[in-house]
Each structure stands twice: as C-alpha cells, then as structure tokens.
There are 2 protein chains.
Amino acid sequence: MKNLSQKCILVSIFAQNVKSYRLQQGLSQEQLAERAGVHRTYIGMLEREEKNVTIYNIERIAIALGLEAYQLLKSKND
Amino acid sequence: MKNLSQKCILVSIFAQNVKSYRLQQGLSQEQLAERAGVHRTYIGMLEREEKNVTIYNIERIAIALGLEAYQLLKSKND
DNA sequence: GAGATGCTAATCATAGTATGTAGATTCATG
DNA sequence: CATGAATCTACATACTATGATTAGCATCTC
C-alpha cells in the first residue's frame, strides 16, 4: 500500500488530522491505540499514510479522540 | 458483514447519506456506480449497510456526488 | 417488456492485526 | 559529562479476516 496518498487525498488528510489531534491531546501512538482498541503499530501506519482505513476504524479512532468522525476527514484549511 | 450497523453508527449514517444525496440528484444506483467507478451492486450493498467501506471508496463516491467526503459522514440532524 | 434494486455466491486483493528490530529522544544518576 | 534505562516511533514482514469486484437471478414497479 505504498504511494496511497497519490491516489487518495483523504488518506493524507485523515493521517494529518489523527496525528495533529493526538499530539494536541498529548497522547502517544500507543495510548491512542489502546483507547481505540487497535494495535500500537496500526496508528503509526495510518499516520504514515500506509493504510486504506475503513469507516469502522475511523469511528473508533474518532471516539478515542473525543471527536465526531467527520472532523477527521475535514481539511483544516477550509 | 451482517448487522454491521449495530456495531458502527457511521456505516448507517454513510448509507443514508449516499442514498439521500443520490436520489436528490435523480441518479440510479447504476448511474452513481458508473460515475464513481465501482460496480452497480456495490452501491446497493453500501446503501443496505452491508459493507465496511474504506476511505478511498468514500472519496470516490463523494466526488461522484459532487460533495466533500466529510459530508457523507455527517448526520443530517446536527 | 423495461428499468431499477435486492440478494447470493464466488474470487481476488488487501485491510486488520501482530511480532520483532532499530533508531531517536528524554531523563535520571553516578 | 557519560551511560544506561525507559519511552516513542519507524519499519519490515507475515498471517488471516474481510473489503472490493463481478456474475447471475429474483422481485417489484411502471
């Protein structure tokens, strides 16, 4: 799943948002992973734009960050 | 992937939005599928909440409907 | 009959999950 | 200063569960 960002803008936006909100809340990848019920390395892969995440995991991560899911798909400069 | 909606609210919201926006634009499932570059039955499966769609296909369908992707994840009564 | 949708099943590609290693950073503590 | 422990992250695989895609037939409405 290399170069996914070239094909899909959303993957990139999602990655940036997850990392941004996570750091904003002072969470490590591992802490966020535990809250969301996913594996430690999975969060890293998402932030590196290596995975084509599904809507179910978008929801889990949004909840773990205390956000509405659509916020993770919204470009911050809009 | 039955009873997906019980575990994931977003699947249900996404399904309702796709159907709602599609009908609003007077498109058949087949017409939307062609625009989005997916198969006819796949749109049907999404609208019936049978699939855990990936972010890449969310983007394709959003583009086909002339929408921003986040709009498909946003509950209409907010 | 024609068009649209539901539904099943089957195959192929890949998302989800996990393990292990390595490098970078921070922070004590001698 | 060292240097050693602890934490965080990147990265390389690998397995298996399931998402993506297609074909075929049924149902329903007009």
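Some observations on this one:
- Cα gyration tensor, chain A - rounded (a/c under 1.5), prolate or oblate: oblate
- Pairs exceeding a 19 Å alpha-carbon distance, out of B:LYS19/B:LYS51; A:LYS74/B:LYS74; A:LYS19/B:LYS76; A:LYS19/A:LYS74; A:LYS76/B:LYS74: A:LYS19/B:LYS76.
- Extending 7 Å from the Cα toward the beta-carbon at both A:GLN16 and B:SER75 defines two label points whose distance is 2.8 nm.
- Sorted from nearest, the other copies put their B:ILE63 label points 3.1 nm away, the label point being 7 Å from Cα in the direction of Cβ.
- Summarising the rotation from chain B to chain A, the nearest chain B beta-carbon to the axis and its distance in Å are given as B:TYR70, 2.
- Each copy carries B:GLN25; placing its label point 7 Å along the C-beta direction from Cα gives inter-copy distances of 3.3 nm, listed from smallest up.
- Unit charges on C-beta of K, R, D, E only; dipole of the protein assembly as shown, Debye: 160 debye
- Chain A: DSSP helices with Cα axial extent of at least 20 Å and average Kyte-Doolittle hydropathy no lower than -1.0: A:9-24
Values in this text are rule-based calculations from the coordinates and carry no lab data. What you see is a predicted model, and the numbers here were worked out from it, not measured in a lab. All Cβ positions, glycine included, derive from the backbone under ideal geometry; neighbour counts span all protein chains shown.
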